[in-house]
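The values are calculated or read from the model by the stated rules, or taken from the named source; none is laboratory data. Model, not experiment: these values are computed from the prediction. Reconstructed Cβ throughout: ideal geometry from the backbone, glycine too, with neighbour counts over all protein chains shown.
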Amino acid sequence: GVPLGSMAMRRRLLGLLLVSLLLTLPAYSLAQDEEDADADADADGGGESPEEEEVKDFNLRHAIGNLAAYQKAHPDFAAGIGIWMGIGLTTFVIGAIMLLFSEIKAVLVCRDQDFRKQLHDNGYMKPASAGIAELEEKESVQMRPRAYLTVGGMLMMYSGLSCIIYPLCDVLDIVGLPSAPCFVLVVFGAFFAAFCITTFWLFLIWSCTRFYAALAFLVISLAGIILLPSGNLILIFLWLVVAFGGGTWYFKWVPDSYAATGDEQPFWVQDIGEMTVSLDSEDWADATTTTWNTVYSDVADAIPKDTSSLLGAKKQSV
């Protein structure tokens, strides 16, 4: 309940900006390493540009003083930062909820199908058992919006992270660091971060029923967390090969090749369902309607319809 314009809130936001600045400084170490690698060329007569000299002579104490002075001269600066971060955090949370709802629902349906298949393989249930066809049709309808919710959730998290990182560009300009790389950080860094977060959530959610597929998501996520912050173009390209090339190979090429030959898939090849997003507006409208009906049905089933019986059972137990 502290007002946004109060001194306490301004100090908190100022501290948060300083922490963000400290976390961003390693991104500029790549430029410094390149300068060190070209020291011989500089000694032969090549001078440093004013921008390079400014980055090289960066002083953290001086930067903190500049940021504090700017905040004092512009009291609304902290409020603007708070608005951007508030919008970004809200958008990120909404996207995470969409992703979790979609994938947890898919896992529950997948586990039910695996259980029915196990009963059938052991001779406890026939494929034509009463209600199975209707149940499978209902599950198929519920899974239609899955790709839209999962991909849409990741894009929402990307938008949220972009809003959170965007104010950092102004901070870099205030403290005297070049803000040009900040645009790359907002556009590409936020997307890669959202992608790594999404794959890590997919690992956690699917690890209980599709262990090897979950490991593939974990490799993609951890590789991004380790390689992307380096800022090295070669390592970033290596991660792109691992993430998109390896993911396409595992989830698309290998299953399709075995399906074409009719051979049985290896145990380590596991399917997590369809993940295709259509650009047809009717498909989007159908996905929206199905999502609403699914959420309404799940919530309605979770609420007891006859509370009097629960109260009666409670009285009897007392």
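Here are the numbers for this structure:
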| quantity | calculated |
| --- | --- |
| G224 surrounded by 15 or more Cβ atoms within 10 Å (Cβ to Cβ) and out of contact with any Ser or Thr (no Cβ under 8 Å at 6 or more places or on another chain) | no |
| Top-ranked residue of the stretch 155-178 - restricted to ones that are among the β-branched types (V, I, T) and under 30 Å from I97 (Cα atoms), ranked as modelled with the highest pLDDT | I164 |
